[in-house]
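Take a look at the structure below.
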Amino acid sequence: MMALIAYLLRSYTRSQRYFAPFTGLVIAVLVLYSYKPNPVMNSYAATAVLLFIGCAWMGLSFLNHEHSVQTQITIVHLRSARKYTAGRLLTLALLTWLLDLLIVVYPLVSDRFDEPAGGYRILIALAGHGLLGMIGVAIALYLQASWVKKSSHAVGILLAIIAISIGATKISSLLPAQWLMLTLLLPPVSPVMDALMNADTLLVSGVLLSFIHIFLYTAVLVALHIYLSGRKDNNKN
Amino acid sequence: MSVRVPLIELKQASKLYGGQRVLDEVSMSIEQGTATALIGRNGSGKSTLLSILAGLIHTSSGRLIRQPNVIIGYAPEMFPGLKVTPEQYLRSMGRISGLAAGELEHRIQELLAGFYLEQFRHEIMMNFSKGMLQKINLIQALLVSPALLLLDEPLSGLDLPAIDQLIALLRELQKEGTAIIFSAHEPQMVEALADQVLVLQAGKMIRNIKGTENLWVKPTTYIYCTGLSSSEQMELTDRPGFISLNIIMDADRGEGVGLTVQPEATDDFLRQVLGAGGSIVSVEPQGESGI
């Protein structure tokens, strides 16, 4: 698996498709911290949402970077399409974790906050960023070129999902009571965003509950994708 | 008596894309150390068949039976120009396959030299010619000595010395027990390697020719019969004296089978067809056989 991850990282960086999502994310974070001081958890909530968007974008560009013929060759060498999918996910998890670390550490080392962050808040921020990043990746899994043929459709659907996920709390307050159950199907991005923003006043259990919710949601998306990838054809186009 | 277990077997495999049948009830059995040529026009289903055998595409119906842990080498058509050097690429593929470092370096060295690519090992592949890319494609398929080698149009873009080199290498592998299945338009490779030729037309396997000697001009007998099931037709292809089989669609009689057999085996085939409940429509001596 290490060999596959090393190969995918090399092939992704050589493709230069990483450039746009990475640069976009870095610019957004730098702009956000361009003035100081900033409130700790409000800033972390904002950068976590930026990471969610950035990881969804990075996920899509990563999953589409390899030529379909080369994907076939890699799967044959690996002897399993599911292992290949798992390897791609682990590579994306590694990239997400790196970005998570950079985004959480940057304001600390550049002294952008109005007060010391403290261990608890840093821990919550690391977990929140990681979870929002991974749900972005999990959504991108279903929109890659081998699943959604037209890239314009994939980008459109991704943008719609991002917008709905971020605005889910507002959307559910506008929906009639009988439709509220439907909001459970939405990616639970806004509850984590709220938990991060209010981490200073919320009970630990409240924060953890929102983290468990998004973790389970992501786990279901990922597990279903790995299962389906073993049943899917790996065509040349 | 020892029973030879096929390395890989397809039983009445069909593949549909959006309701369109691109492979239609194809059956085949591949044993160790054999070379099978798939021939047919563009769109006849050769690449789909190879992808199914590689485990990349699932059949819509029918079965694929593969011996456990069969190591497959696969060289698809249209290998892309990548932004890495041959050495980096082959090292990655070898590691993914699980080859030990020392063995991998030796194989890369040996194969790059064998395909005259030694001097390009540190150059980015993006600007390689079609032939050079095809060589890299073949090398990656040969990195881990495969038990089953699947090659889709392997001669595409290759120069003459490389063709000779490839054929010699494949013969060597075949002797060592590797089963080779390749699609080709060039008779040169079919004649040099194949001991079985499967002819595909619009997704159907219309002929199954066994033995290279049967590709040449010789007297044969052509038997036209009807009323045989697919499995009974398959049984005929394993009998001594069998040369080729093609499916014939007749508006009056329905699906029929055209069998080309060696003259001395004619009686045996007639008995077999009648014994299986089939009906003989015609028997004709012929002056030649071939693809």
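What follows is calculated from the coordinates using simple rules that are stated; it is not laboratory data. This one's a predicted model, so the numbers in the text were calculated from it and none came from an experiment. Please note: Cβ atoms are built from the backbone with ideal geometry, for glycine as well, and neighbour counts cover all protein chains shown.
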Kirkwood Rh, angstrom, chain A [1 / mean 1/r, Cα pairs] | 18.7
Near-label residues of the range B:28-49 by backbone N, under 14 Å of a point 7 Å along Cα→Cβ of residue B:65 | B:28-31
Among B:224, B:111, B:247, flag the residue with its Cα farthest along the positive direction of the charge dipole of chain B, charges on Cβ as +1 for Lys/Arg and -1 for Asp/Glu.
-> B:111
Other residues with Cβ under 14 Å from the Cβ of residue A:78 give, with Lys and Arg +1 and Asp and Glu -1, a net charge of +4
Tilt relative to chain B, helix B:266-275 - C-alpha long axis, 0 to 90 degrees, to 10 | 80
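Show me the ranking of peptides A:133-146, B:107-120 by mean Cβ neighbours inside 10 Å, starting with the highest.
Sorting A:133-146, B:107-120 by mean packing, highest first, produces A:133-146, B:107-120.
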Neighbourhood charge, 15 Å Cβ-Cβ cut-off, centred on residue B:155 and excluding it, Lys, Arg +1 and Asp, Glu -1 | -3
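For the protein assembly as shown, build the convex hull from the C-alpha positions and give me its volume per residue in Å³.
On the way: hull volume 106.0 nm³, N = 528.
Taking the convex hull of the Cα positions in the protein assembly as shown, it is 201 Å³ per residue.
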Once the Cα gyration tensor of the range A:63-193 is found, what semi-axes does its equivalent ellipsoid get, as square roots of 5 times the eigenvalues, in whole Å, sorted largest first?
-> 31, 25, 12
Using Cα centres only, tell me the gap between the range B:122-174 and the range B:1-59 in whole Å.
-> 22
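Within 10 Å of each Cβ in B:96-103, how many Cβ atoms from other chains are there, averaged over the peptide?
On the way: counts 18, 6, 4, 2, 0, 0, 0, 0.
Per-residue shielding by partner chains comes out at 4.
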Can you pull the one-decimal nm distance between simple spin-label points at residue A:13 and residue A:80, each 7 Å off the Cα toward Cβ?
-> 2.7
Using alpha carbon centers only, the range A:38-90 is separated from the range A:127-156 by a whole-angstrom value of 8
Note down the net charge around residue B:86, summing +1 for each Lys or Arg and -1 for each Asp or Glu among other residues with Cβ under 11 Å from its Cβ.
-> 0
Helix B:160-175: angle to the longest alpha-carbon principal axis of chain B, degrees 0 to 90, nearest 10?
-> 70
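Any idea what the relative contact order of the range A:19-107 is, in percent, if you count C-alpha pairs under 8 Å spaced at least 6 apart? Mind dumping the intermediate values first?
Details: 28 pairs, mean separation 32.5, N = 89.
The normalised contact order for the range A:19-107 reaches 37 percent.
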Once you have the Cα-Cα distance between residue A:6 and residue A:122, take 0.36 nm times their residue separation minus that, and quote the gain in nm to one decimal.
-> 38.8 nm
Burial ranking of peptide ranges B:82-92, A:5-15 (average Cβ count within 10 Å, highest at the top) | B:82-92, A:5-15
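Per residue of B:81-89, what is the mean number of Cβ atoms on other protein chains within 10 angstrom of that residue's Cβ? It would help to have the intermediate numbers written out before the result.
Numbers: counts 1, 6, 6, 4, 0, 0, 0, 4, 5.
Average per residue, whole number: 3.
Nearest 20 debye, what's the magnitude of the dipole of chain B about its Cα centre given +1 on Lys and Arg Cβ and -1 on Asp and Glu Cβ?
On the way: 24 positive and 32 negative charges, 162 e Å.
Computed about the Cα centre, the dipole is about 780 debye.
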FRET efficiency for residue B:286 and residue B:239, Cβ-Cβ distance as r, R0 = 25 Å, nearest 0.05?
-> 0.85
Any idea what angle helix A:68-78 forms with the longest principal axis of chain A, computed on alpha-carbon atoms, 0 to 90 degrees, nearest 10?
-> 90
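Among B:51, A:61, which comes first, second and so on when ranked by fewest other beta-carbon atoms within 10 Å? Walk me through the intermediate numbers first.
On the way: B:51 24, A:61 20.
The order, fewest Cβ neighbours first, is A:61, B:51.
Let's test the formula: R0 of 60 Å, r as the Cβ-Cβ distance of residue A:169 and residue B:42. What FRET efficiency results, to the nearest 0.05? List each step's numbers first, then the result.
Working: r = 55 Å, r/R0 = 0.92.
Calculated transfer efficiency: 0.60.
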Over the range B:8-197, what relative contact order in percent results from Cα pairs under 8 Å that are six or more residues apart?
-> 31
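Counting partner chain Cβ atoms within 10 Å of every residue's Cβ in A:225-236, what's the average? List each step's numbers first, then the result.
Values: counts 0, 0, 0, 0, 0, 1, 1, 2, 8, 6, 6, 9.
If you average over the peptide's residues, the count of other-chain Cβ atoms is 3.
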Positive dipole terminus of the protein assembly as shown, leading residue within B:64, A:228, B:182 (C-beta point charges) | A:228
Taking 7 Å along the Cα-to-C-beta vector as the label spot, tell me the residue B:202-residue A:159 distance in nanometres, rounded to one decimal.
-> 4.5
Given a Förster radius of 56 Å and the C-beta distance between residue B:12 and residue A:30 as r, what FRET efficiency does 1/(1 + (r/R0)^6) yield to the nearest 0.05?
-> 0.35
Dmax and Rg, reported as Rg then Dmax, of chain B (C-alpha, Å) = 20.7, 65
Bin all alpha-carbon pair distances of the range B:217-284 at 5 Å intervals from 0 and give each bin's fraction as a whole percent.
-> 4, 18, 34, 27, 12, 5, 1
